[in-house]
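Undergrad: So that we are looking at the same thing, I have put the structure below in structure tokens.
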Amino acid sequence: MKKNSTTVIAEAGVNHNGRLSIAKKLVNEAKKAGADIIKFQTFSTEKIVTRDAQKVNYQKKTKPDETMYKMLLNLELSFKEFKILSRISKKKNIEFLSTGFDIESLKFLHTLKQKRFKIPSGEITNYPLLKFIAGLRKKVILSTGMSNLGEIDLALKVLTKFGTPLKDITVLHCNSSYPTPVKDANLNAMITIRDKFGVDIGYSDHTLGIEAAIIAVSLGAKIIEKHLTLNRKYFGPDHMASIEPHVFKKMVLAIRKTEEYLGSGKKIPTRSE
């Protein structure tokens, strides 16, 4: 991978449906599709939701009467299973990353020697979580779905105050609708974030298709995150807003071609001239 190329994250998330066998296949497919990072989600259901917590609207499309607690419990993988996925990723030469939603999960993920940590949109105002991550002194990816500039500003102040320099933070613009309507993608918000805070920017893409991710690269995204599934018809909350491996590969190839078109930015005579 070129030094200045866009980092592409295959967001497996909970698209393994709580099964290690599917999670292993997602690692393999992410590598074959050209992703730089395979990302999962690590959490203890007991610690992050109450037993009567209700699903958000897009999650109700599957099992509408099921509580969020029951849904997450069925999607939870054990620490032992994540150790296995980390080892498999290393063998496949693809970076392993998992988002920790509670302090215990973050402590565990730190033992796996993750190179970076991802803060999901829903935790951007969870300052104890941000403080803990900042203290790990790793690179940080901050997602900003449903956030305004004031909330982003406060999150960055917490991270920098407790140990993570601004140069090590990439802020991802995203929309927390699954899927995101084209009219709500608002990719120019990335530029607003970059100019306001002086940070590297990226895009966590929940739109259908791959066009938004490619456009984001042309606007300066350093990281592209896109949900990966083995089959969009699988039963689960995120499959319909994900793309399958053959489409993911097309996206990666298009991103690399876009980088080639963009070039170095230097105005000098070329060999073809």
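The values are calculated or read from the model by the stated rules, or taken from the named source; none is laboratory data. Bear in mind that the values here come from a model prediction, so they are computed numbers and not experimental data. Note: ideal-geometry Cβ built from the backbone for every residue, glycine included; neighbour counts use all protein chains shown. Only protein heavy atoms, including side chains, enter the accessible area calculation; ligands, DNA and RNA are left aside. Shrake-Rupley method; radii C 1.70, N 1.55, O 1.52, S 1.80 Å.
Undergrad: For Ile214, state whether it is assigned to a helix (DSSP H, G or I) and closer than 20 Å to Ile141 by Cα.
TA: On the way: assigned to a helix (DSSP H, G or I): yes; closer than 20 Å to Ile141 by Cα: yes.
Answer is yes for this residue.
Undergrad: Taking the residues in the stretch 262-273 that are within 17 Å of Lys222 (Cβ to Cβ) and free of Cβ contacts under 8 Å to residues at least 12 places away in the same chain as candidates, determine which candidate is least open to solvent (accessible area, probe 1.4 Å).
TA: The first filter runs over the stretch 262-273 and keeps only residues within 17 Å of Lys222 (Cβ to Cβ), leaving 262-265.
Restricting the remaining residues to those that are free of Cβ contacts under 8 Å to residues at least 12 places away in the same chain gives 263-265.
Working: Gly263: 53, Ser264: 95, Gly265: 74 Å².
Among those that are within 17 Å of Lys222 (Cβ to Cβ) and free of Cβ contacts under 8 Å to residues at least 12 places away in the same chain, it is Gly263.
Undergrad: Shifting gears a bit: Mind checking which residues of the stretch 112-146 are in a strand (DSSP E or B) and of a type in the set (Ser, Thr, Tyr)? Reasoning before the result, please.
TA: Restricting attention to the stretch 112-146, the residues satisfying the condition of being in a strand (DSSP E or B) are 116-119, 139-143.
Selection gives Ser143 alone.
Undergrad: Additional query: So, in the stretch 147-172, of the ones that are in contact (Cβ under 8 Å) with a residue 40 or more places away in the chain and not in a helix (DSSP H, G or I), which residue ends up surrounded by the fewest Cβ atoms within 10 Å (Cβ to Cβ)?
TA: Let us first name the residues in the stretch 147-172 that are in contact (Cβ under 8 Å) with a residue 40 or more places away in the chain, namely 149, 152-153, 156, 170, 172.
Then keep just the ones that are not in a helix (DSSP H, G or I); that gives 170, 172.
Values: Thr170: 20, Leu172: 28.
Across the stretch 147-172, the extreme among qualifying residues is Thr170.
Undergrad: Another one. Every residue in the stretch 194-242 that is more than 13 Å from Thr170 (Cα to Cα), among the hydrophobic types (A, V, I, L, M, F, W, C) and under 14 Å from the mean Cα position of the chain (by Cα), please.
TA: Ala213, Leu228, Ala241, listed by residue number.
Undergrad: Return the residues of the stretch 80-111 that are among the aromatic types (Phe, Trp, Tyr) and outside any helix (DSSP H, G or I); say none if nothing qualifies.
TA: First, pick out the residues of the stretch 80-111 that are among the aromatic types (Phe, Trp, Tyr): 82, 96, 101, 108.
Listed by number, the residues that qualify are Phe96, Phe101.
Undergrad: Something else now. Where residues in the stretch 87-103 are buried (at least 21 other Cβ atoms within 10 Å of the Cβ) and not β-branched (Val, Ile, Thr), which of them is farthest from Lys138 (Cα to Cα)?
TA: If we take residues in the stretch 87-103 being buried (at least 21 other Cβ atoms within 10 Å of the Cβ) and not β-branched (Val, Ile, Thr), then Ser89 is farthest from Lys138 (Cα to Cα).
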